[in-house]
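Student: Have a look at this one before I ask anything.
Just so it is clear, none of the values below were taken in a lab; they were calculated from the coordinates. Given the structure is predicted, the values throughout are model-derived calculations rather than measurements. Note: ideal-geometry Cβ built from the backbone for every residue, glycine included; neighbour counts use all protein chains shown.
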Amino acid sequence: MQTPSLDELRDLAARLPEVLRFGTSSWTYPGWKGLIYQRDYPKTGSSAAMLEEYACYPLFRTVGIDSSFYAPPSAAMLDSYARALPAGFRCVSKVWDRLTVHTFPKTRYTAQGGEQNPDFLNSQLFLAEVLGPYREHFGEHLGPFVFEFQSIARGARLTGQVFADLLDGFFSRLPRDVPYAVELRNQEFLVPPYFAVLREHNVAHVFNSWTRMPPVGEQLEIPGAISAPFTVARILLRPGRSYNEAVDAFAPYDRIQDPNPELRHDVARLIRQAAALRIPAYILVNNRAEGSAPHTILAIAKLLLKETPAGG
C-alpha cells in the first residue's frame with residue numbers, strides 16, 4: 001500500500017466522522033520508521049518522545065497504553081506522556097492484570113501460578129493504584145480503561161451469570177464519571193446478564209478480534225452490544241490465529257501481509273453505528289491483525305468514506 005502524503009492524510013482525516021478516534025495498540029515500533037516516525041530513536045527510554053511524534057500523525061486521535069496491563073504506570077511515566085500529547089488527545093489504557101486475572105498463570109506468576117487471585121476485581125486496589133494516579137497525572141488525557149479478562153478456565157466454574165454478578169458488584173463501587181470497558185476472551189460470557197450489567201453502569205463492551213472470540217460483526221449483532229455512551233474496539237488477531245504466530249509472520253510491521261476484508265467491513269459498520277448514535281468510537285488496531293496497524297487503519301478509513309458522508 002502506497003503511503004499518502006501528509007496533506008492527503010489531513011484531507012482524509014477531515015472527512016472522517018467526528019466521533020471517530022483511530023489509534024494503535026502501543027506505539028514503540030521501529031518498523032514504522034518512514035511511515036509514522038521520521039526521527040531516529042534509541043532502543044530504550046524513547047517512549048514519550050515517540051508518543052509525541054505519533055500524536056502528530058493525522059489519522060491518530062487515540063492510542064492504546066498496553067504496558068499498563070503488566071504494572072500501573074508510574075507518576076513520572078504518566079507525566080511524561082501527558083507532556084508529549086496535545087490537548088484533547090485521550091488514551092485507552094489497559095488495567096493492571098492483578099485486577100482481572102482470576103487464577104494466576106504460571107507463565108507470568110511463577111511463585112503463585114495456579115492459585116486463585118485474591119485481588120480479582122478488587123475495587124480499592126483499582127482506585128488506589130490505577131485511577132488515583134491517572135487522575136492526578138493524566139486527567140486531561142484519560143480515555144476508557146479497558147479491563148481485559150484473559151481466558152478463564154472452565155474449572156473456575158464461572159458461569160455467564162456469576163461473572164456478570166461479579167462485574168455488577170465491582171462497577172457499583174467505582175465512580176461513574178470515568179469511562180470503563182470490558183474485554184472478554186470467553187465467548188460463553190456473551191450472555192444477556194453481562195450486557196445488562198454493562199448498560200446499568202454505562203460500561204462499554206470491547207468489540208475484539210481475537211483468536212477464540214466471534215468476529216466483530218457477530219458481536220455487533222448481539223442485542224444491546226453497544227452498551228455505553230461510547231464504544232471501544234480492539235482489532236488484535238484474525239480469529240483462529242495465535243499471537244505468537246502473528247508475531248513471527250508479520251514483524252517488523254511495515255506493510256499489510258494478510259488482508260482481511262471482512263474484518264475491515266465489520267469495523268467500518270461499527271463506526272457507522274457509533275456515528276449514527278453520535279457517540280465516541282475508540283478504534284484500536286494491532287499490528288498482528290493484518291501485518292501493520294497504520295496501514296490497516298488507512299484501509300478502514302478509505303473504506304468508511306465510500307459509505308459515510310463527511311462529518312457523519
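Student: Once amide H atoms are built 1.01 Å from N in the peptide plane, which residues 5 or more positions from residue 103, or in another chain, come under 5 Å H to H?
Tutor: The answer is 117.
Student: Compute and list, largest first, the equivalent-ellipsoid semi-axes of segment 122-168 from the alpha carbon gyration tensor, each √(5λ) rounded to a whole angstrom. Walk me through the numbers before you get to the answer.
Tutor: On the way: eigenvalues 164, 24, 18 Å².
Sorted largest first and rounded, they come to 29, 11, 10 Å.
Student: Oh, and also: Starting from segment 94-134, pick out the chymotrypsin sites (Phe, Trp or Tyr not before Pro) whose DSSP state is loop and whose Cβ has at most 14 other Cβ atoms within 10 Å. All intermediate terms of the calculation are to be shown ahead of the outcome.
Tutor: Values: sites: 96, 109, 120, 126, 134; in loops: 96, 109, 120.
Listed in order of number, the matching sites amount to none.
Student: Now for a different question. In whole angstrom, note down how far apart the Cα centers of segment 217-251 and segment 41-101 are.
Tutor: Measuring centre to centre over Cα atoms gives 21 Å.
Student: Something else now. List the residues whose amide H sits under 5 Å from the amide H of residue 20, counting only those 5 or more places along or on another chain, with H placed 1.01 Å from N in the peptide plane.
Tutor: Amide H neighbours of residue 20, under 5 Å, 5+ apart: 281.
Student: How about segment 51-90: which chymotrypsin sites (Phe, Trp or Tyr not before Pro) there lie in a loop by DSSP and see at most 12 other Cβ atoms within 10 Å? Please list the in-between numbers first.
Tutor: Details: sites: 54, 60, 69, 70, 81, 89; in loops: 60, 70, 89.
Of the chymotrypsin sites (Phe, Trp or Tyr not before Pro), the ones in loops of segment 51-90 whose Cβ has at most 12 other Cβ atoms within 10 Å are 70.
Student: Counting other beta carbons within 10 Å of each residue's own, what order do 241, 234 fall into, fewest first? Before the final figure, lay out the partial values.
Tutor: Working: 241 17, 234 26.
So the ranking, lowest neighbour count to highest, is 241, 234.
Student: Which longest run of the chain has no exposed loop site in it, a site being GluC sites (Glu not before Pro) in a DSSP loop with at most 14 other beta carbons within 10 Å, and the site itself not part of the run?
Tutor: Between the exposed loop sites, the longest stretch runs 116-220.
Student: Which of the trypsin sites (Lys or Arg not before Pro) found in segment 1-90 are loop residues per DSSP with 15 or fewer other Cβ atoms within 10 Å of their Cβ? Before the final figure, lay out the partial values.
Tutor: Details: sites: 10, 15, 21, 33, 39, 43, 61, 83, 90; in loops: 15, 39, 43, 61, 90.
Sites meeting the loop and neighbour criteria: 15, 39, 43.
Student: Can you compute 3J(HN,Hα) from phi for each residue in segment 127-135, using the Karplus curve 6.51 cos²θ - 1.76 cosθ + 1.60 with θ = phi - 60°, rounded to whole Hz and x for Gly and Pro?
Tutor: 5, 7, 9, 10, 5, x, x, 4, 5
Student: Further, regarding this structure: HN-Hα J couplings of segment 36-41 from phi, Karplus 6.51/-1.76/1.60, θ = phi - 60°, integer Hz, Gly and Pro as x?
Tutor: Here the 3J(HN,Hα) series is 10, 9, 10, 8, 8, 10 Hz.
Student: Could you tell me the convex hull volume per residue, in Å³, taken over the Cα atoms of the chain? Kindly include the intermediate steps, with their values, before the conclusion.
Tutor: On the way: hull volume 41.4 nm³, N = 312.
Per residue, the Cα convex hull of the chain comes to 133 Å³.
Student: Once amide H atoms are placed 1.01 Å from N in the peptide plane, what residues at a sequence separation of 5 or more from residue 208, or on another chain, have their amide H within under 5 Å of its amide H?
Tutor: 234
Student: Something else now. For segment 148-222, take N as its residue count and report Rg(C-alpha) divided by 2.2 N^0.38 Å. Show your work: numbers first, answer last.
Tutor: On the way: Rg = 12.2 Å, N = 75, 2.2 N^0.38 = 11.3 Å.
Dividing the Cα Rg of segment 148-222 by 2.2 N^0.38 Å gives 1.07.
Student: Identify which of 283, 256, 235 has the largest mean-square fluctuation in a Gaussian network model of the chain, with springs joining Cα atoms closer than 10 Å.
Tutor: Result for the chain, Cα springs under 10 Å: 256 fluctuates most.
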